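Here, each number is a calculation from the coordinates, and none is a lab measurement. Small disclaimer: the values here were computed from a predicted structure and weren't measured. Heads up, the Cβs are rebuilt from the backbone with ideal geometry, glycines too, and the neighbour counts pull from every protein chain shown.
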Amino acid sequence: MSDTYDAVVYDAIVYDLDGTLVQLAVDWKAAAERIKPILRDYGADAEADDALDLLPVAEDLGVADEIEPHLAAAEREGARDSERLPLLDEFVDQPLPVGICSLNCEAACREVLDTHDISKDVAIIVGRDSVSERKPHPEPLLTAVEELGTAPERTLFVGDSDSDELTARRAGTAFRRVEKR
């Protein structure tokens, strides 16, 4: 994304985190192995190799709170070793108010921002655990938009996935996709 955003068009920009601004160094398979026994204790088929794929299973069973600490710990650890992606430089130089809306936990988002020394540049962080719903539900993005003091139609959401695009559509914001590396 080399183009800049016209402040006349948008009042604020909200970014996804992992895959957009940074690449978290999370071993999702190892995290999944720590979570699978918990889900199996509740009779669930827990064969996914990505810990985030197990989150909907845990939610369906009503035990998401039991696996959340394992997910959050893996994400926080991965945040400390995260790789800075090219868009992060544009993010830092952005003249508009910016926020983060991520499927990662809020603590991991904060850890990433501290690791890359950009915490001061962010007005709001909405992680998976900041509100009652998670992307692609519009609530996380709409919460960020509200905290930025703007309207959805005056906000750009920048992300790297179909889920991010769906979130933007459901929230009524514009969307810009970052190509995966």
_Vicinal HN-Hα couplings computed from phi for the stretch 160-166 (Karplus, 6.51 cos²θ - 1.76 cosθ + 1.60; Hz; Gly/Pro x)_ = 10, 9, 4, 5, 5, 5, 5
_Taking all pairs of distinct alpha-carbon atoms in the chain, Kirkwood radius in angstrom_ = 16.6 Å
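For the chain, what proportion of DSSP beta bridges, expressed in % and rounded to the nearest 5, is antiparallel?
Numbers: 2 of 17 bridges.
Approximately 10 percent, going by the DSSP bridge assignments.
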*Counting helices only, and only those DSSP H runs with n ≥ 4, report the 222 nm mean residue ellipticity of the chain as the sum of -39,500 (n - 2.57) divided by its residues, in deg cm²/dmol to the nearest 500.*
-13000 deg cm²/dmol
*Cα-based helix-to-principal-axis angle, 64-80 vs the chain, degrees rounded to 10*: 50 degrees
*Could you give the length gained on full extension between Ala123 and Ala25, defined as 0.36 nm per residue of separation minus the Cα-Cα distance, in nm?*
32.8 nm
*Length gain on complete extension for the stretch Glu33 to Thr115, per 0.36 nm per residue less the alpha carbon to alpha carbon distance?*
26.8 nm
_Can you compute the equivalent ellipsoid semi-axes for the stretch 28-80, i.e. the square root of 5 times each eigenvalue of the Cα gyration tensor, sorted largest first and rounded to whole Å?_
18, 11, 8
*In whole Hz, what ³J(HN,Hα) sequence does the stretch 99-107 give by Karplus (6.51, -1.76, 1.60; θ = phi - 60°), x for Gly and Pro?*
x, 10, 10, 10, 7, 7, 5, 4, 4
_Using the basic label-point model (7 angstrom from Cα toward the beta carbon), what is the Val92 to Glu179 distance in nanometres?_
2.4 nm
*Note, ³J(HN,Hα) from phi for the stretch 14-25, Karplus 6.51, -1.76, 1.60, rounded to Hz, x at Gly and Pro*: 10, 10, 5, 9, 6, x, 10, 9, 9, 10, 5, 9
*If each of Val63 and Arg80 carries a label point 7 Å out from its Cα toward its Cβ, how far apart are those two points in nm?*
2.9 nm
*asked:* Going Cα to Cα from Lys36, which lysines come in below 25 Å? Please leave out same-chain ones fewer than 8 positions away.
replied: Lys135
